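The values are calculated or read from the model by the stated rules, or taken from the named source; none is laboratory data. Predicted model only: the values in this text are computed from it and were never measured. Note: ideal-geometry Cβ built from the backbone for every residue, glycine included; neighbour counts use all protein chains shown. Note: accessible area is taken over every heavy atom of the protein model, side chains too, but ligands, DNA and RNA are not part of it. Shrake-Rupley method; radii C 1.70, N 1.55, O 1.52, S 1.80 Å.
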Amino acid sequence: MTVSEESTRGSTGSGDTGAGLLRSAVRREIVATLANLPGPQRTEGLSARELGDLVGLHVTTVRFHLAQLVEGGLLTSRSVRTAGAGRPTKKYLVAPGSLDRPLEAYRLLATLLTETFGATDADGRPLDPEQVGISWAREHVPHPEDPAPARTAGEWLSTVGRLVDTLRVWGYTPSVRTEDTGRTARIDLLGCPFIDLAKAHPEVACGIHRGLIRGTLEVLGERDTDITLEPFAVPTHCLAHVTTRADFAPRGGNS
């Protein structure tokens, strides 16, 4: 079997780490194979050739993806000497703790997708993806004791920081900039672990993420916000603009 486009596309120079690497079905299969080995074998690891035999891929293809997974911190490797004078064999195994966050992000998405197709509101009407995202945030984001809208740009930025913490739970590595004298946060949704779903069904993925953002802000006391989401504002990620409509206290005045 030769290296296929499916096996290698989107890999070279992608800069993916963690959950982003698991967008590739080939890499997910490699990692899952190593993670589900019997106990003793899981701690010893497998060679690229052994992995190729198990997943049905040419050893060259497997080595290509193993290099990416090691660089991204999901796998580690070790050299094992064999009988005779030959070169040591390199064995690959899952890096301790490396899968906790990426897999948690996928579990969250799976839960929300299930709820999207079964949840209803108080009147028995099905919830749309955005409403499901809001519902998840209301149930899972820690509630402050006395939530209130930000009265200064600094308070608003602190609220945005807590929103970013929630996005990190989902597997993102968000990048934030402020605009409009601090009233608008521009959030680059880097490292989206659901990018394949977003490409195939943006109405589902983007709806859930809008709901997640809106619901989180509501929990934190920000119920008067404008939220826009630009799917694939650049080819590698989406862009969210989040603006508070709350009145800031005058400069130098009492808050």
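Results, tabulated for the structure shown:
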quantity: Two-decimal Rg/Rh across region 130-224, once Rg and the Kirkwood Rh are taken from alpha-carbon atoms; calculated: 0.97
quantity: Surface share of carbon and sulfur [accessible, 1.4 angstrom probe, percent] for region 114-246; calculated: 52
quantity: Mean accessible surface per residue for region 41-87, computed with a 1.4 Å probe while every protein chain stays in place, in Å²; calculated: 59
quantity: For region 53-60, 3J(HN,Hα) per residue [Karplus equation, 6.51 cos²θ - 1.76 cosθ + 1.60, θ = phi - 60°, Hz, x = Gly/Pro]; calculated: 5, 6, 9, x, 10, 5, 4, 5
quantity: Linear extension gain, VAL55 paired with THR178, 0.36 nm per residue minus alpha-carbon span; calculated: 39.7 nm
quantity: Which of LYS90, LYS199 is most accessible, then next, and so on - probe 1.4 Å; calculated: LYS199, LYS90
quantity: Sorted peptide list for 173-186, 152-165, criterion being average Cβ within 10 angstrom, highest first; calculated: 152-165, 173-186
quantity: Theoretical FRET efficiency, 1/(1+(r/R0)^6), r = Cβ-Cβ of ARG81 and HIS140, R0 35 Å, to 0.05; calculated: 0.10
quantity: Environment charge of LEU220, counting only residues whose C-beta is closer than 14 Å and scoring Lys/Arg +1, Asp/Glu -1; calculated: -2
quantity: Mean accessible surface per residue for region 142-255, computed with a 1.4 Å probe while every protein chain stays in place, in Å²; calculated: 49
